[in-house]
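Written out below as structure tokens is the structure these notes cover.
No value in this document is a laboratory result; all are computed from the given coordinates. Quick caveat, the model's predicted, so the values are computed rather than measured. We place every Cβ from the backbone using ideal geometry, glycine too, and count neighbours over all the protein chains shown.
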Amino acid sequence: MLHQAIHIQALQDMLGSAERCLVASHVNPDGDAVGASLAWRSYLRAAYPALEVRVAFPNRLPEFLRWIEGAEQALVYADSKEAVESYIKICDLVFCLDLNAIDRLEALGEALADRSIPRVLIDHHLKPAEEFDLVFSDASMSSTSELVYRIALALGGKSLLTKGAAEALYVGLMTDTGSFSFNVNTPETFRMAADLMELGVDKDEVASKIYDSYSEKRMRLLGHCLLNKMRALPKHKAAYISLSRKELDDFGFQPGDTEGFVNMPLSIKKVTLSALFTESQDKTHIRVSLRSKGKDISVNEMARKHFKGGGHFNASGGKYFGSLEDCEAYFENILKTEF
Ligand SMILES: [Mn+2]
């Protein structure tokens, strides 16, 4: 896909005739969404100086990602609707990164739907929706950041990547692979990491900025989850954690605080499936995160079939409409009937 010269040519043509573009990524932006978007912005600005490039996220970035170059200039739709909408009115090209369907942009997606601006998808999730004009979708990629890197190389080359862009890409690569412990199955991904180091990335410094920036409350919330909230279901080789809005509030929850919690139960020997259920802020639904280990359980399928979501084979997410208790019972029932 990516390597099809015809796609790169089509992208070049679109970029050549565009004047203003928007780079958008998914709600509750994570390291890959932010890293890929900001790196893509940086690359486009270097490669197409006449092109205006703005980045927009549906809601705010977690604190630990705000140091990345360009993060301060990124628009947040939830905070500045008018600024985003007036830019959408004048922009003529949209990039959607790290998502496989426009609805992952939530309200920002609805704002975009008002105008028929050509849309380019750059993503590594399974099954992209058929609502894009040009699609770079490769589920074999570790991260959208890796795909952005490969596209940048195919378009123009490494010399147009600044140290700031390299850091952004490294954040995406590191966070989407759990610091190179999953989704890294080719030597090429490690070569990319090496290239990024040559571009000036101090990997220890980046890792520290991302992983050593938690609040005391977040650490205590994690302790609470593991001690009091994790439910192990050895018969189904599964475990899950569920958190009510009240619990999140009691621990001063900030966006991004539960990042990584869902992976924790997978450290238990023989547990191959893990879930995290968190009550949404407006209490209208339960946010569902699913993880699996190995090649037997597709949480992408589970999320699609039961939780109106999807993602990757081993990492997916979705929603449950109902109470937390009902969600737990629903999940346990899936285990009983399908595993
Ligand atoms: Mn990703």
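Considering only DSSP states other than H, G, I, E and B, which trypsin sites (Lys or Arg not before Pro) in segment 210-306 qualify as loop sites with at most 13 other Cβ atoms within 10 Å?
On the way: sites: Lys217, Arg218, Arg220, Lys229, Arg231, Lys235, Lys237, Arg245, Lys246, Lys269, Lys270, Lys283, Arg287, Arg291, Lys293, Lys295, Arg304, Lys305; in loops: Lys237, Lys269, Lys270, Lys283, Lys293, Lys295.
Counting only loop positions with at most 13 other Cβ atoms within 10 Å, the trypsin sites (Lys or Arg not before Pro) in segment 210-306 are Lys269, Lys270, Lys283, Lys295.
Work through the residues other than Ser267 whose Cβ is under 13 Å from its Cβ and net out their charges, Lys, Arg +1 and Asp, Glu -1. Mind showing how you got there, number by number?
Working: positive: Lys269, Lys270, Arg291, Lys293; negative: none.
Net charge around Ser267: +4.
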At R0 = 25 Å, FRET efficiency that the Cβ-Cβ distance of Asn228 and Ala207 yields, to 0.05: 0.30
Reachable lysines, given that their alpha-carbon falls under 22 Å from the alpha-carbon of Lys89 and they are not under 8 places away in the same chain: Lys81
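If the only charges are +1 at each Lys and Arg Cβ and -1 at each Asp and Glu Cβ, what is the size of the charge dipole of the chain around the Cα centre, to the nearest 20 debye?
Details: 39 positive and 47 negative charges, 202 e Å.
Roughly 980 debye, rounded to the nearest 20.
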Distant-in-sequence amide H partners of Arg20 (H built 1.01 Å from N, under 5 Å): Glu52, Asp92, Leu93
Straight-distance crosslink candidates among lysines, where the alpha carbon sits under 16 Å from Lys209 and sequence neighbours closer than 8 are dropped: Lys163
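Which of Lys127/Lys229; Lys158/Lys217; Lys270/Lys308; Lys283/Lys336 have a Cα-Cα distance over 30 Å?
On the way: Lys127/Lys229 33 Å; Lys158/Lys217 41 Å; Lys270/Lys308 27 Å; Lys283/Lys336 27 Å.
Cα-Cα > 30 Å for Lys127/Lys229; Lys158/Lys217; rest within.
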Sorted by Cβ density within 10 Å, fewest first, the residues Ser208, Ser116, Ser25: Ser116, Ser208, Ser25
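Loop by DSSP (not H, G, I, E, B), at most 12 other beta-carbon atoms within 10 Å: where is the longest site-free stretch of the chain for GluC sites (Glu not before Pro)? Numbers along the way, then the final one.
Numbers: sites that count: Glu19, Glu72, Glu130.
Excluding the exposed sites themselves, the longest stretch runs over 131-339.
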Local electrostatic count at Asp138 - Lys and Arg +1, Asp and Glu -1, tallied over other residues with Cβ under 15 Å: -4
Part-to-part distance (alpha-carbon centres) for segment 248-262 and segment 1-47, which is given in Å: 30 Å
Mean Cα-pair separation over length for segment 42-90, i.e. relative contact order, pairs under 8 Å, 6 or more apart, %: 33 percent
Fluctuation leader among Ile102, Ile151, Ile297 - the chain, Gaussian network, Cα springs under 10 angstrom: Ile297
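Could you tell me whether segment 196-255 comes out rounded, prolate or oblate from its Cα gyration tensor? Rule is a ≥ b ≥ c as square roots of the eigenvalues, rounded for a/c under 1.5, then prolate if a/b exceeds b/c, otherwise oblate. Don't skip to the answer; put the middle values down first.
Working: a/c = 3.60, a/b = 1.70, b/c = 2.12.
The shape class here is oblate.
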Leading residue at positive end of dipole, segment 70-222 (Cβ point charges), from Thr189, Leu147, Gly109: Thr189
Prolate/oblate/rounded label for segment 1-42 (Cα gyration tensor, a/c 1.5): oblate
Estimated inter-spin distance, Lys89 and Glu325, nm [label 7 Å along Cα→Cβ]: 5.0 nm
Mean ellipticity per residue at 222 nm, deg cm²/dmol - from DSSP H runs of n ≥ 4 across the chain, formula -39500 (n - 2.57): -12000 deg cm²/dmol
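Multiplying the sequence separation of Trp67 and Ser267 by 0.36 nm and subtracting their Cα-Cα distance, what value in nm do you get? It would help to have the intermediate numbers written out before the result.
Values: separation 200, 0.36 × 200 = 72.00 nm, distance 3.00 nm.
Answer, rounded to one decimal: 69.0 nm.
Local charge sum around Ala152 (other residues, Cβ-Cβ under 14 Å, Lys/Arg +1, Asp/Glu -1)?
With Lys, Arg at +1 and Asp, Glu at -1, the net is +2.
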Cα centroid separation - segment 168-205 against segment 78-110, whole Å: 28 Å
Fewest-first ranking of Ile90, Ile122, using other Cβ atoms within 10 Å as the exposure measure: Ile90, Ile122
Pairwise label distance in nanometres, Thr284 with Glu130, each label 7 Å out on the Cα-Cβ vector: 2.9 nm
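Taking 0.36 nm per intervening residue step and subtracting the Cα-Cα distance, what contour gain separates Asn333 from Arg115 on full extension? Numbers along the way, then the final one.
On the way: separation 218, 0.36 × 218 = 78.48 nm, distance 4.29 nm.
The span from Asn333 to Arg115 would gain 74.2 nm if fully extended.
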Taking Cys21, Cys91 and counting other C-beta atoms within 10 Å, the order from fewest to most: Cys91, Cys21
